[in-house]
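Structure first, commentary second.
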Amino acid sequence: MSKGKWITGTARKRLAETMKEQYQRGRSIRAIAEDHGRSYGFVHRVLTEAGVSLRSRGGDTRVGSR
């Protein structure tokens, strides 16, 4: 998907699910944005629209994740 192209409807829902899965597996918003050729803000907005609970700043802080 090229940067700057509007994504709506079913395509946006599919993209949101893909990004949601990646984020919940521990990938950062920046890494997801780079993978999809999109901006940080776009990914943040899509995740928020998908109802994802965003992690606080500073990355993954789960016990044993290092």
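Values in this text are rule-based calculations from the coordinates and carry no lab data. Please read all numbers here as calculations on a predicted model, not as lab measurements. Here the Cβ is made from the backbone with ideal geometry for all residues, glycine too, and neighbour counts use every protein chain on show.
By its C-alpha gyration tensor, with a ≥ b ≥ c as the square roots of the eigenvalues, how is segment 23-62 shaped: rounded for a/c under 1.5, else prolate for a/b larger than b/c, else oblate?
Values: a/c = 1.92, a/b = 1.27, b/c = 1.50.
Oblate is the answer for segment 23-62, as a/c is 1.5 or above yet b/c matches or exceeds a/b.
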Please get the size of the charge dipole for segment 1-51, origin at its Cα centre, with Cβ charges of +1 on Lys and Arg and -1 on Asp and Glu, quoted in debye to the nearest 20.
100 debye
Separation between the Thr8 and Ala50 pseudo-spin-labels, each 7 Å from Cα along Cα→Cβ, expressed in nm?
2.1 nm
